[in-house]
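Please read the structure below before turning to the comments.
Values in this text are rule-based calculations from the coordinates and carry no lab data. Quick caveat: nothing in here was measured; it's all calculated off a predicted structure. No Cβ is skipped: glycine too gets one built from the backbone with ideal geometry, and neighbour counts run over all protein chains shown.
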Amino acid sequence: MRIGFVIGSYPEPSETFVSRKVEFLLAQGHEVVVFQMISRTGKQNSMATNPAIVSLQRNGRGRPRCALSVLHAFISAPVSTVRICARARNKRYPGSGRLDRLIRYLQIAKRKIDVLHVHFAGNLIPILGVRDVAGIPAVVSLLGSDVTSADRARIPAYLQLIPPESEELIAACGYLRDEFVRRTRTRAEIHILPPEVPCAAFEREREECGTPCRLFTVARLHWKKGLLYAVHAAHELRRRGLPFTYDIVGEGDERPALEKAIEDLGLQQTVHLLGMKNPSEMPKYYRRADIFVLPSVNEGAGGVLMEAQAAGVPIVASQIGGIPEAVQEGKTGRLVPPRDPVALADAIEELIREPQLRLELGRNGRVNARRFDTAVIGSRLVEIYRSAIEKQASKGACDAVSKQPAVAEEEKRETHSVCS
């Protein structure tokens with residue numbers, strides 16, 4: 001298969017669920033073309049095998065980049081260019097102008113894609129109609145922020161546009177599926193496909209648990225991750241006299257607030273903000289950890305939870321969003337109410353004081369993580385692609401059959417006219 005990935009920017013270190021899919025598909029012999037909406041210079045792709053990358057970016061004024069881009073897209077597109085232009089002329093969609101959208105249709109069509117996989121629902125807007133205009137089925141992944149928001153009553157306008165434009169919908173967890181259904185009232189079938197984790201990369205021998213106990217978090221430094229609550233929980237743990245260190249990997253706009261809280265609470269020697277790390281380095285950080293902490297106040301699937309479990313690290317996390325689907329309470333970790341530093345500290349203290357419990361939860365976590373192994377999730381993804389392609393082929397066949405009587409009637413009228 002020739003698969004097109006539509007994403008904001010590629011590669012993003014925080015979006016390993018995209019790059020892992022690309023790696024799996026390439027390893028299985030499929031072709032992958034990545035269509036990115038935002039081009040960022042200076043980004044490095046650390047993958048061993050790189051996909052083709054095509055920019056669908058517009059300029060700052062929302063107009064086509066230049067007149068030559070129209071000509072180039074028109075000339076280099078396949079023979080179906082005229083048909084695509086004719087279909088696009090009669091379609092109206094919200095967002096960018098018709099000409100800008102037509103360029104994107106042609107850019108995608110010339111790559112002869114079998115199926116498009118759109119990551120994050122909002123990225124579908126610039127290519128709305130690609131199925132009807134270019135005849136390419138679109139699979140849409142609902143991954144978190146594109147579905148949820150702080151205001152549960154607010155419904156992003158683009159969510160209402162997704163069902164008619166996609167052959168298959170994928171949610172990263174049941175929570176996101178339910179939120180999407182609640183907000184759009186759709187009756188479309190939605191597949192559940194959690195983020196994958198390459199278990200083999202994380203299942204190596206862990207370093208021995210020692211003193212002080214090592215707490216660890218991987219997250220964007222964003223208010224949704226609740227890291228200020230974790231810092232206050234760390235202050236409470238130190239007040240109780242427990243020996244520990246706390247490392248946080250990630251970057252984001254909440255760094256200044258976290259740095260100030262760490263300084264105000266006198267935790268400079270205990271809590272460390274390590275910044276962003278290359279995904280290939282992450283297994284070694286997990287192997288050094290004794291307890292993984294994720295104090296989110298708003299969370300979708302939480303892919304880092306699968307990584308922690310694959311590495312055999314017990315988890316303390318908020319009981320919110322899709323987290324309870326990934327972490328089995330009492331079996332692979334402890335779940336606590338969100339926004340509660342004391343409850344978070346209590347759960348961490350229990351695991352600090354009971355090394356054997358940590359080991360038991362970690363062993364269970366490794367078993368649980370195998371459900372999310374790249375091979376398992378990747379195989380299911382390929383089945384979804386094939387289903388989307390088959391549905392599109394059936395739709396095309398049905399459309400052809402439905403047009404036959406109209407064509408026959410037109411030919412009959414033309415014949416009658418000539419004979420007369």
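Pulled fully out, how much extra length does the chain show between Q269 and R185, if you take 0.36 nm times their separation in residues and subtract their Cα-Cα distance? Length gained between Q269 and R185: 25.2 nm. Taking amide H as placed 1.01 Å from N in the peptide plane, F244 has its amide H under 5 Å from the amide H of C213, each at least 5 places away in sequence or on another chain.
Modelled spin-label separation between L357 and D178, with each label point placed 7 Å from Cα along the Cα-to-Cβ direction: 2.7 nm. Taking amide H as placed 1.01 Å from N in the peptide plane, the amide H of Q319 sits under 5 Å from that of V336, each at least 5 places away or on another chain. Multiplying the residue separation of R339 and S379 by 0.36 nm and subtracting their alpha-carbon distance yields 10.7 nm.
Put the Cα centre of segment 218-292 next to the Cα centre of segment 167-201 and the gap is 29 Å. With θ taken as phi - 60° and the Karplus curve 6.51 cos²θ - 1.76 cosθ + 1.60 applied, the whole-hertz 3J(HN,Hα) list for segment 356-372 is 5, 5, 4, 5, 5, 5, x, 4, 4, x, 4, 5, 5, 5, 5, 5, 10 Hz, x standing for glycine and proline. Which of the residue pairs K21/K260; K277/K391; K21/K284 have a Cα-Cα distance greater than 29 Å in the structure shown? Violating the 29 Å limit, Cα to Cα: K21/K260; K277/K391. Sorting 289-300, 125-136, 331-342, 271-282 by their mean Cβ neighbour count within 10 Å, with the most densely packed peptide first, gives 289-300, 125-136, 331-342, 271-282. Amide H to amide H distances under 5 Å link D373 with V197, where only residues 5 or more positions off or on other chains count and H is placed in the peptide plane. A simple rule links phi to the HN-Hα coupling: the Karplus curve 6.51 cos²θ - 1.76 cosθ + 1.60 with θ = phi - 60°, which for segment 341-349 gives x, 5, 4, 4, 5, 4, 5, 5, 4 Hz, with x for Gly and Pro. Highest-first packing order for the peptide set 214-223, 23-32 is 214-223, 23-32, based on the mean count of other beta carbon atoms within 10 Å. Between K112 and E12, the contour length at 0.36 nm per residue exceeds the alpha carbon distance by 33.5 nm. Note that segment 281-291 has calculated 3J(HN,Hα) couplings of 8, 4, x, 5, 5, 5, 5, 8, 8, 9, 9 Hz, one per residue in order, obtained from phi through the Karplus relation 6.51 cos²θ - 1.76 cosθ + 1.60 (θ = phi - 60°); glycine and proline are x.
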